[in-house]
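Data block below; observations after.
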Amino acid sequence: MTTLSTLPTIEDARGARERIAPYVRRTPTYAHEGIAYKLELLQVTGSFKVRGAFNAALQLDAAAARRGVVAVSGGNHGLAVAHVGRTLEIPATVVMPQSTPARTVERARAEGAEVILTPTIAEAFAVVEERRAAGQSVIHPYDDSAVMAGQGTIGFELLEDVLDLSTLIISIGGGGLIAGVASVVKALRPRVRIYGVETAGADAMHQALVAGQPVTLPAITSIATTLGAPYVSATTLDAAQRLLEDVVVVSDAQAVEAIATLQDALHVLPEPAAACCYAALAAGYVPRAREGSTAILVCGGNVSLDDLAHWRAQLLA
């Protein structure tokens with residue numbers, strides 16, 4: 001699936017903020033032991049993804065909206081597109097690999113989306129291309145300018161809540177979240193240092209930075225499946241190269257330990273894809289700000305206590 005995305009401007013993000021305001025939550029930022037946590041796991045559908053999906057869908061013309069939208073996702077993006085479709089009364093199709101957790105499939109169907117399950121992610125992308133050819137509008141999970149602008153609205157809220165923000169830590173899947181937020185934060189406060197975090201086995205951005213070009217991962221082996229983009233785009237790679245201080249990689253075990261730590265500290269249950277940011281800070285892979293505040297974006301929380309128990313038994317025994 002190819003797109004021609006560009007990084008959003010600050011005006012793109014401002015427009016997105018006004019456009020999506022009636023449909024998304026302004027999530028809180030909590031401070032604990034000198035760290036500010038932006039709790040996007042309290043967002044509608046449990047992750048930041050609805051921001052970008054709403055911004056893209058709200059810009060469709062009437063004819064395109066009648067034909068519907070389609071997305072490929074095994075997780076949070078699919079849930080977001082399904083919710084957007086129901087809310088805006090736009091037909092929505094979500095194509096998911098058969099390995100998608102049953103509760104995610106059920107939630108997407110409960111929102112009224114047509115859910116198509118395919119044996120592999122490659123076949124899922126092929127179905128999306130067929131639907132595009134038939135007239136549906138594709139909402140890409142990260143390589144879409146409107147999606148990135150929607151995710152970038154988080155940047156405004158962070159800067160309003162953390163007036164002395166100095167260091168910001170954000171996880172990376174395909175890179176749309178960090179590209180959108182970094183575009184806003186760097187435009188308004190260029191001295192903020194922004195770090196990306198991935199987990200081993202879902203580290204497409206780190207590998208792309210080493211190679212100097214997007215690299216396709218042979219498989220996603222991390223438990224952080226919501227970071228499981230098989231490759232980053234040229235646009236999100238460019239954002240990482242220009243706007244980030246570094247992209248670091250933590251293990252699944254470190255991410256699971258961080259889930260338990262954040263649950264105790266904040267009384268929330270983050271995904272491995274969100275907890276990995278705290279893991280990177282705790283391990284010293286990302287330095288705390290010497291002056292000003294350090295903030296972590298807790299991007300999603302669509303996991304269960306059973307998941308956590310399973311991961312702890314598997315990785316920390």
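Summary of computed values
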quantity: Average Cα contact separation per residue, the chain, under 8 Å, 6 or more apart, as relative contact order %; calculated: 20 percent
quantity: Stretch in the chain that is longest and holds no trypsin sites (Lys or Arg not before Pro) that DSSP places in a loop and that have at most 10 other beta carbons within 10 Å; calculated: 1-190
quantity: For the range 51-138, alpha-carbon Rg relative to the globular expectation (2.2 N^0.38 Å, N residues); calculated: 0.98
quantity: Evaluated over the range 178-295, the Cα radius of gyration and Dmax, each in Å; calculated: 14.3, 41
quantity: Loop-located GluC sites (Glu not before Pro) in the range 30-95, at most 16 other Cβ atoms within 10 Å (DSSP); calculated: E33, E89
quantity: Span per principal axis, largest first, for the Cα atoms of the chain (Å); calculated: 54, 46, 38
quantity: Against the rule of thumb 2.2 N^0.38 Å, how large the Cα Rg of the range 130-175 comes out; calculated: 1.63
quantity: Relative contact order (percent, whole number), the range 51-138, Cα cutoff 8 Å, 6+ residue spacing; calculated: 32 percent
quantity: Computed magnitude of the charge dipole of the range 51-138 (debye, nearest 20; Cβ of K, R +1, Cβ of D, E -1); calculated: 180 debye
quantity: Per-residue [θ]222 nm for the chain (sum of -39500 (n - 2.57) over DSSP H runs n ≥ 4, rounded to 500); calculated: -14000 deg cm²/dmol
quantity: The chain: antiparallel DSSP beta bridges as a percent of all, rounded to 5; calculated: 15 percent
quantity: Evaluated over the range 1-159, the Cα radius of gyration and Dmax, each in Å; calculated: 15.6, 53
quantity: Net charge of Cβ neighbours under 13 Å - reference G150; Lys, Arg +1; Asp, Glu -1; calculated: 0
quantity: Cα-based convex hull, the range 166-226, per residue volume (Å³, whole number); calculated: 87 Å³
quantity: Per-residue Cβ neighbour rank within 10 angstrom, fewest leading, T45, T261; calculated: T261, T45
quantity: Other-chain or far-sequence residues with amide H under 5 Å of L168's (modelled H); calculated: R193, I194, Y195, A295
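Only the coordinates and a few stated rules stand behind these numbers; no lab work does. The structure presented is a predicted model; accordingly, all values stated were derived computationally and were not measured. Neighbour counts run over all protein chains shown; Cβ positions are idealised from the backbone, glycine included.
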